[in-house]
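Colleague: One structure follows; several queries about it will come next.
Read-outs: derived from the displayed coordinates by stated rules, not from any lab. As the structure is a prediction and not an experimental result, all values here were calculated from the model. Note that we place each Cβ from the backbone using ideal geometry, even for glycine, and neighbour counts take in every protein chain shown.
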Amino acid sequence: MKTLRDVRIGETARVVKVHGQGRIRRRVMDMGITKNVEIFVRKVAPLGDPIEVNLRGYELSLRKIDAEIIEVN
Amino acid sequence: MSVTIAVAGNPNSGKTTLFNALTGSNQYVGNWPGVTVEKKEGILIGHPDVVLVDLPGIYSLSTNSLEEEIARDYLLESNSDAIINIVDGTSLERNLYLTTQLAELGIPMVLAINMMDEVEKSGTKIDSTALGEAFGVPVVKISALKETQIDELAGAAMEAAQKKGHLLSVHRFSSGVEHALGHIEEVALHEQPEHKQRWYAVKLFERNELVEAELGLSAELKAHIEQDIRQCELEYDDDSDSIIASERYDFIEEVLERVSVRKKAGDLSPSDRIDRLVTNRWLALPIFALVMFVVYYVSVNTVGTTMTRWTNDKLFAQIILPAVSGKLVDWGVANWLQGLLVDGILAGVGSVLSFLPQMVVLFLFLGLLEFSGYMSRVTFILDRMFRKFGLSGKSFIPMLIGSGCTVPAIMATRTIENEHARRLTVITTSFIPCGAKLPVISMIAGAFFGGKGWLAFGAYFLGIAAVVISGLILKKTALFQGEPSPFVMELPAYRWPSLKCILSTTWDRVSSFVQKAATVILLATIVIWFLTFFGWVDGRLQMLEAGQINHSILAAIGTSIAWIFKPLGWGEWRPVMAALSGLVAKETVVSSLGIFYGFSEVAVGGQEMWMSLRAAFSPLSATSFLIFVLLSAPCIAAISSIRSEMNSAMWTSFAVGYMTTVGYVAALMVYQLGMWLLEGVFTLWTGITLAVTGVVLWLIFRPSPPASGRLKRAKAGARG
């Protein structure tokens with residue numbers, strides 16, 4: 001399964017499904033990461049984590065471990 | 001007839017600016033019951049019968065965070081007559097997600113599209129009439145910063161509120177979902193009021209256990225609904241909660257396509273360009289260091305220190321104190337009352353208030369960093385380093401401020417969203433040696449170690465070590481376990497912050513500090529003054545003459561508890577009470593020692609009494625004394641800040657108890673292990689210390705218990 005974590009910087013991916021459970025899953029969806037949305041991976045923080053992505057016209061940062069619950073193609 | 005209007009919106013949508021514009025200075029700041037989230041209420045300008053409630057900034061009405069829980073409970077349980085939903089016009093897609101949820105609550109609503117000046121500048125057009133029709137609510141385009149259309153918004157909100165009616169949501173999802181929702185309403189909700197049905201239906205569709213319980217559905221009915229949900233999930237090939245989230249966003253996309261014409265995204269916006277530089281992989285940390293240096297240098301080192309020194313040495317010592325003493329003598333006020341007013345109250349409150357200028361400068365900077373959007377980047381840059389210790393990237397800022405004064409540092413933790421990280425920061429910040437601890441360090445360094453250079457460095461190192469070790473220990477305890485908060489954070493566009501906003505936040509913070517100084521600190525100062533200057537002489541309780549300090553109540557207390565500090569190498573009332581007098585202000589430790597050893601006045605570093613100190617302490621016991629003073633409970637001003645930031649007596653006692661334990665254990669380890677390794681003295685206490693050391697190491701290195709955390713996470717998921 002390819003996840004958001006595997007998307008390279010500067011690339012765009014389309015969300016297939018949000019896995020995981022509980023608050024993290026809920027929060028990720030509330031922030032607009034839902035089926036079919038396009039996510040552009042902008043950069044990674046200086047210490048290697050978290051990452052910054054752009055979606056729905058705004059910038060979002062999330063940890064790599066949380067990016068793993070987001071399946072993309 | 002009085003009405004209540006709730007103001008709701010995403011973080012960074014300009015909600016605070018709007019609230020300030022609507023209420024002016026007519027605000028009441030407090031806390032939501034039982035939690036540390038700030039609650040603001042205000043009166044609408046020109047309408048004394050209209051109360052506005054500023055809800056915490058939230059992205060959704062699910063219970064992801066404390067803020068969302070508070071906002072949701074408030075809207076569901078209180079009877080607000082209307083909602084003003086403020087949305088950021090430059091980021092409508094995500095902002096309107098909350099709108100779709102708010103519109104289902106049944107409460108009349110007005111939609112305020114903020115930052116219209118920026119929207120228009122970017123060439124985007126929004127058809128507010130069509131947008132209003134899509135949600136069934138009136139829409140007002142505003143700029144909270146420039147205060148345009150604010151009166152129109154207030155008018156629309158009052159009109160909505162005064163009808164005392166209900167909002168029936170008009171936005172609809174795709175047919176498959178609507179079919180299921182319609183069926184749920186029909187079988188389970190037909191007895192509920194019409195305006196509430198939609199909200200309940202969606203929650204039942206999401207399998208929300210709280211709502212299921214609230215409605216008291218029979219098992220049979222639940223099974224029936226479950227069938228509908230399953231069928232829909234099959235059709236959409238997704239889980240029900242995920243279907244609802246997608247449907248909301250799909251609806252918004254569809255509406256925005258109709259109502260807004262966006263200029264093609266081409267060039268990078270100025271905000272993007274700033275961000276490219278500021279969070280650049282190589283430049284981010286140097287830029288961060290530079291920003292912090294400027295903040296620290298200006299507030300703590302230059303403006304702050306100059307002003308603080310001026311307030312302390314000039315305003316208080318040379319102007320106010322002599323003037324007051326003079327007046328008191330003129331009026332023939334009783335000696336003890338003069339002492340209380342001058343040595344007790346003025347000196348005590350004065351030393352605390354002298355930090356005020358420094359605090360104002362710090363809070364101005366902090367406001368600038370917060371409102372400009374840089375603070376979120378700080379978390380982004382430092383998250384990886386700090387989360388290992390259970391802290392947040394934003395914990396760095398309180399720690400830095402803490403090297404000046406702990407009080408503003410603790411108040412600065414307010415910017416940390418994660419409750420666990422925030423509490424941990426509050427508890428550990430005072431380990432960083434504040435300005436008032438420096439005189440103690442230089443006294444010990446001067447008397448025992450021939451200078452202060454490396455000892456001062458050692459004190460900062462000790463502070464940082466205490467923070468790191470506390471983080472490692474505490475994050476594994478039950479108090480800080482439970483569900484890890486998701487770190488999914490918006491990085492808002494950089495904006496030139498409104499001066500009004502910065503000033504009003506600074507005012508809130510500073511005035512709450514002054515209130516504290518005027519109450520808790522005043523009281524504590526009086527008590528300590530009494531204990532120091534009163535005592536039993538010849539069986540009579542009386543005010544003491546100079547040199548009678550041995551008879552003070554303080555000395556009596558000191559003697560009775562001195563045994564506790566024997567294992568630390570300084571079990572005698574003088575050092576014990578000097579350490580405790582640090583509760584008033586840490587620099588008091590030096591002057592107390594001076595008084596106790598019979599010097600009427602001592603310099604900042606206590607040079608006069610070095611000989612007396614050398615007689616009373618060994619270098620090892622002096623080190624142990626210093627460690628205890630540095631790490632144990634902070635001054636009363638800091639403790640009362642902890643109290644107000646934690647908003648809980650239990651947490652405050654835990655924090656103070658924990659710090660004191662850390663101070664005691666660290667001093668014990670240094671003294672006892674030092675005696676054993678350097679002097680070869682092995683006693684029962686050496687054995688106890690070795691055992692304690694073992695326990696501390698185990699606490700640091702034991703694996704964290706993950707099971708309970710996961711369990712809670714699954715449960716919370718079911719609630720959302």
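Colleague: Once you mark the GluC sites (Glu not before Pro) that are in a DSSP loop and have at most 12 other Cβ atoms within 10 Å, what is the longest gap between them in chain B?
Modeller: Formally, the longest exposed-site-free interval is B:192-544.
Colleague: Now, a different point. Can you compute the radius of gyration and Dmax for the range B:175-261, using only the Cα atoms, both in Å?
Modeller: Here Rg and the maximum Cα pair distance are 14.0, 49 Å.
Colleague: Sort all Cα-Cα distances of the range B:3-162 into consecutive 10 angstrom bins from zero, then give the percent of pairs in each bin up to the one containing the longest distance.
Modeller: 11, 45, 36, 8, 0
Colleague: Roughly speaking, what is the stretch gain from B:V468 to B:T559, that is 0.36 nm per residue apart minus the C-alpha to C-alpha distance, in nm to one decimal?
Modeller: Full extension from B:V468 to B:T559 adds 29.3 nm.
Colleague: Please give, to one decimal in nm, the separation of the simple spin-label points placed at B:A478 and B:S122, each 7 Å out from Cα toward the Cβ.
Modeller: With each label point 7 Å from Cα toward Cβ, the separation is 4.9 nm.
Colleague: Given 0.36 nm per residue, what is the gain on full extension from B:W331 to B:D151 after removing their alpha carbon distance, in nm?
Modeller: So the chain would gain 59.2 nm between B:W331 and B:D151.
Colleague: So how do B:D127, B:D313, A:D66, B:D538 line up by other beta-carbon neighbours within 10 Å, fewest first?
Modeller: Lowest count first: B:D538, B:D313, B:D127, A:D66.
Colleague: Okay, moving on. Note the angle between two axes, namely the Cα long axis of helix B:219-236 and the longest principal axis of the Cα atoms of chain B, as a number of degrees from 0 to 90, rounded to the nearest 10.
Modeller: The answer is roughly 80 degrees.
Colleague: Taking Rh as the Kirkwood radius, which is the inverse of the mean 1/r over Cα pairs, what is the Rg/Rh value for the range B:637-694?
Modeller: Rounded to two decimals, Rg/Rh equals 1.23.
Colleague: Along the Cα→Cβ direction, 7 angstrom out, place labels at B:Y28 and B:L677. What is the inter-label distance in nm?
Modeller: Label-label distance for B:Y28 and B:L677, simple model: 5.8 nm.
Colleague: For B:K475, what is the net charge nearby, where nearby means another residue's Cβ is under 10 Å from its Cβ and Lys, Arg count +1, Asp, Glu -1?
Modeller: Surrounding charge for B:K475 is +3.
Colleague: Which FRET efficiency value, to the nearest 0.05, do you get for B:V537 and B:E41 by plugging their Cβ-Cβ distance into 1/(1 + (r/R0)^6) with R0 = 56 Å?
Modeller: Approximately 0.55, to the nearest 0.05.
Colleague: Right, here's the next one. Going out from 0 in 5 Å bins, what whole percent of all Cα-Cα distances in the range B:146-203 drops into each bin?
Modeller: Percent of pairs per bin, in order: 4, 16, 19, 16, 11, 10, 12, 8, 4, 1, 0.
Colleague: What is the spin-label model distance, in nm, from B:W698 to B:Q231 if the labels are put 7 Å beyond Cα along the C-beta direction?
Modeller: 5.9 nm
Colleague: Now for a separate question. Measure nothing but the geometry: give the 0 to 90° angle between the long axis through the Cα atoms of B:684-701 and the longest principal axis through the Cα atoms of chain B, rounded to 10°.
Modeller: 20 degrees
Colleague: What trypsin sites (Lys or Arg not before Pro) in chain A are in a loop by DSSP, with at most 13 other Cβ atoms within 10 Å of the Cβ?
Modeller: Those satisfying the criteria are A:K2, A:R8.
Colleague: Any idea how far the Cα center of the range B:612-668 sits from the one of the range B:386-462, in Å?
Modeller: Spelled out, the Cα-based centre of one part sits 12 Å from the other.
Colleague: Follow-up. Using only alpha carbons, build the gyration tensor for the range B:204-351 and give me the equivalent ellipsoid semi-axes, biggest first, whole Å.
Modeller: With the √(5λ) rule applied to the range B:204-351, the semi-axes are 66, 34, 14 Å.
Colleague: Something else about it: For a Förster distance of 45 Å, can you work out the FRET efficiency between the beta-carbons of B:S512 and B:E194, rounded to the nearest 0.05?
Modeller: 0.50
Colleague: Still on this structure, please answer the following. Between exposed trypsin sites (Lys or Arg not before Pro) in chain B, where DSSP calls loop and at most 14 other Cβ atoms lie within 10 Å, what's the longest gap?
Modeller: Segment B:389-720 is the longest.
Colleague: Can you give the FRET efficiency for B:R281 and A:E71, using 1/(1 + (r/R0)^6), R0 = 25 Å, r = Cβ-Cβ distance, to the nearest 0.05?
Modeller: About 0.40, to the nearest 0.05.
Colleague: Taking θ = phi - 60°, what integer Hz values does the Karplus form 6.51 cos²θ - 1.76 cosθ + 1.60 yield along the range B:148-162, in sequence order, with x for Gly and Pro?
Modeller: Computed from phi, the couplings for the range B:148-162 are 8, 6, 5, 5, 4, 4, 4, x, 4, 5, 5, 4, 4, 6, 6 Hz.
Colleague: Additional query: What number, rounded to the nearest 500 deg cm²/dmol, is the helix-based mean residue ellipticity at 222 nm of the protein assembly as shown, given -39500 (n - 2.57) per DSSP H run of at least four residues and division by all its residues?
Modeller: -17000 deg cm²/dmol
Colleague: Still on this structure: Pull out the extension gain between B:R262 and B:S653, defined as 0.36 nm times the separation in residues minus the alpha carbon to alpha carbon distance; nm, one decimal.
Modeller: Extra length from B:R262 to B:S653 when fully extended: 135.2 nm.
Colleague: Which of the aspartates and glutamates could be linked to B:K222 by a straight reach, that is with a Cα gap under 12 Å, when you skip same-chain ones fewer than 8 residues away?
Modeller: B:E209, B:E212
Colleague: Angle between the Cα long axis of helix B:438-448 and the longest principal axis of chain B, 0 to 90 degrees, nearest 10?
Modeller: Helix B:438-448 and the main axis of chain B meet at about 30 degrees.
Colleague: If you place +1 on the Cβ of every Lys and Arg and -1 on the Cβ of every Asp and Glu, how big does the dipole about the Cα centre of the protein assembly as shown come out, in debye to the nearest 20?
Modeller: In total the dipole reaches around 2620 debye.
Colleague: When you take every Cα atom in the protein assembly as shown, what is the radius of gyration, and what is Dmax, the widest Cα pair distance, in Å?
Modeller: Rg, Dmax (Cα atoms, Å): 30.0, 93.
Colleague: In whole Å, what is the distance between the alpha-carbon centres of the range B:315-331 and the range B:40-85?
Modeller: 49 Å
Colleague: May I ask you to evaluate 6.51 cos²θ - 1.76 cosθ + 1.60, the Karplus curve with θ = phi - 60°, for each residue of the range B:203-216 and list the ³J(HN,Hα) values in order in whole Hz, giving x for glycine and proline?
Modeller: Ordered by residue, 3J(HN,Hα) equals 5, 5, 4, 7, 6, 6, 5, 4, 5, 4, 5, 4, 7, x Hz.
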